[in-house]
Amino acid sequence: MSHRSSSKPPSSQRRKIMMGIVAGAAGAAMALPGLAMAQQFPTAKVNTTKLAITDTEVTVGQLHSATGTMAISETGSIQAERLAIDQINSMGGILGRKIKIIQEDGASDWPTFAEKAKKLLENDHVAAVFGCWTSASRKAVLPVFEKDNGLLYYPTFYEGLEQSKNVFYTGQEATQQVLAGLNWVAKEKKAKTFFLIGSDYIWPRTSNKIARKHIENVLKGSVVGEEYYPLGNTQFGSLINKIKLKKPDVIFADVVGGSNVAFYKQLKAAGVTAKTQNLLTISVTEDEMLGIGGENVEGFYASMKYFQSLDNPNNKKFVAEFKAKFGANSVIGDVTQAAYLGPWLWKAAVEKAGSFDVDKVVAASPGLELKTAPEGYVKVHANHHLWSKTRIGEAQKDGQFKVIYESDLIEPNPFPKGYQ
């Protein structure tokens, strides 16, 4: 029996081919907005400074400590920036271009941060960098960004006393965190005596210098102790003995990174708890609480602009999306939220400028508002800091904070008179 070959494929195969054509057409239609956007903003027009930008892609850098003592604090920043970038890409990217990330590890070492910043700017020609955590790492990379005219979005609350054309500070400076927090604790707890404790580098030392001036000159109180410990230090026994001897109204703490685990566990073991001792931290967020354990911090206070428990629609959406991507047990702290703002503020500035050129993005940034911010609302000031609120959270046993105070929006003032 002979078989004649037919030029037509079987009906099932024809259906598959037709479905493929329809799907392809649908995909092309979905790609059109991005394609049209890229055609509207040709690469030669939006990239006149030889950044890593093609017709379809724009490359950015991520520069945080994925290893070392600061990884406990910086992992959340890495995650939040990636979430924001994924969301922006799912909306079509920026000016029709998807964002590609080159991630570098500063490894909790300041010279390494400077070396990696140089690589990202001079070898990879990234359009922007989202990164750093400690002020020491930021100070290490700052000369590189200013020399190479790079763009850094820095997410951490910090001491202020800095302003650079090449940096946007999405965390709060000292007037929005240190001064506001001290005002609250002095008023609510009738505090007059303070013991200052920090890690031994620029941010805690400068923050405590500002705190001391405010305590003595404005609050008319006194500092009864001031101590500093190396990053990664785990021995706080002698310090705790001094605290018990001095009996301050408030311990003001800016210990950072993994040292917090030892510090708060040793405080509790020595019987120093919120039942008899006020403590106000400007460095422990939900991220650190995960390592410390809520039971070791319960009842102490933190001065931040954001807590995961904030009750607003923006934050509920953000928390749900963060947990969907990084796991139901993941937590979100103040710096994590501030890191999430970076890519969105960059996107808004690029789109307003109609260009990825750093000078044009910088010029377009002042006055930008982000009404979708999880913290509620932020606005970019001409000094490259954000208008934000100060909030006081009371640490809970479950590792979250209960918000017990919220200020009005505070204008950023990185160079407050009388505190320098």
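The values are calculated or read from the model by the stated rules, or taken from the named source; none is laboratory data. These numbers were taken from a predicted model, which means no experiment stands behind them. All Cβ positions, glycine included, derive from the backbone under ideal geometry; neighbour counts span all protein chains shown. Accessible surface is based on the protein model in full, side chains and every heavy atom, while ligands, DNA and RNA are left aside. Shrake-Rupley method; radii C 1.70, N 1.55, O 1.52, S 1.80 Å.
Before moving on, here are some points about what is shown:
- Global size of the stretch 299-411 as Cα Rg and Dmax, reported in angstrom: 15.4, 49
- Loop-resident sites, the stretch 357-420, for trypsin sites (Lys or Arg not before Pro), counting at most 16 other Cβ within 10 Å (DSSP): 371, 397, 417
- Helical contribution to [θ] at 222 nm, DSSP H n ≥ 4, -39,500 (n - 2.57), averaged over the chain, rounded to 500: -12500 deg cm²/dmol
- Remark: the stretch 285-292, residue by residue, has Karplus-estimated 3J(HN,Hα) of 10, 4, 4, 5, 4, 4, x, 6 Hz, where x stands for each Gly or Pro and the curve is 6.51 cos²θ - 1.76 cosθ + 1.60 at θ = phi - 60°.
- The chain: antiparallel DSSP beta bridges as a percent of all, rounded to 5: 30 percent
- Loop sites in the stretch 197-257: GluC sites (Glu not before Pro), DSSP, at most 14 other Cβ within 10 Å: none
- The residues neighbouring residue 151, those whose beta-carbon lies less than 12 Å from its own, together hold a net charge of -2 under the Lys/Arg +1, Asp/Glu -1 convention.
- Per-residue SASA entry for residue 170, accessible area with 1.4 Å probe, Å² rounded to 10: 0 Å²
- Since only 294, 235, 177 are under comparison, the one whose Cα sits farthest along the positive direction of the charge dipole of the chain, derived from C-beta charges on Lys, Arg, Asp and Glu, is 294.
- Accessible area of residue 344 (1.4 Å probe, protein heavy atoms only, ligands and nucleic acids ignored): about 40 Å².
- Globularity index of the stretch 48-168 is 1.02 (Cα radius of gyration / 2.2 N^0.38 Å, N = number of residues).
- Of the residues 289, 37, 91, the one with the largest accessible area comes first in the ranking 91, 37, 289, computed with a 1.4 Å probe on protein heavy atoms.
- Percentage, to the nearest whole number, of Cα pairs in the stretch 197-343 over 17 Å apart: 65 percent
- Residue-normalised accessible area of the stretch 219-263, expressed per residue, 1.4 Å probe, Å²: 41 Å²
- Accessible surface, 1.4 Å probe, highest first, among residues 202, 78: 202, 78
- Per residue, the stretch 295-358 exposes an accessible area of 32 Å² to a 1.4 Å probe, with every protein chain left in place.
- Only protein heavy atoms count here; under a 1.4 Å probe, residue 51 has an accessible surface of about 30 Å².
- Order of exposure, largest accessible area first, which applies to 116, 347 with probe 1.4 Å: 116, 347
- Loop-located trypsin sites (Lys or Arg not before Pro) in the stretch 190-258 (DSSP state other than H, G, I, E, B) with a sparse environment of at most 11 neighbouring Cβ atoms within 10 Å: 190, 220.
- Ligands, DNA and RNA left out, the accessible area of the stretch 287-420 computed with a 1.4 Å probe is 50% carbon and sulfur.
- Using Cβ point charges alone (K and R +1, D and E -1), the dipole size of the chain about the Cα centre works out to roughly 820 debye.
- Mean projection area, nm², convex hull over Cα of the stretch 108-175: 4.1 nm²
- For the chain, the fraction of C-alpha pairs more than 40 angstrom apart is 23%.
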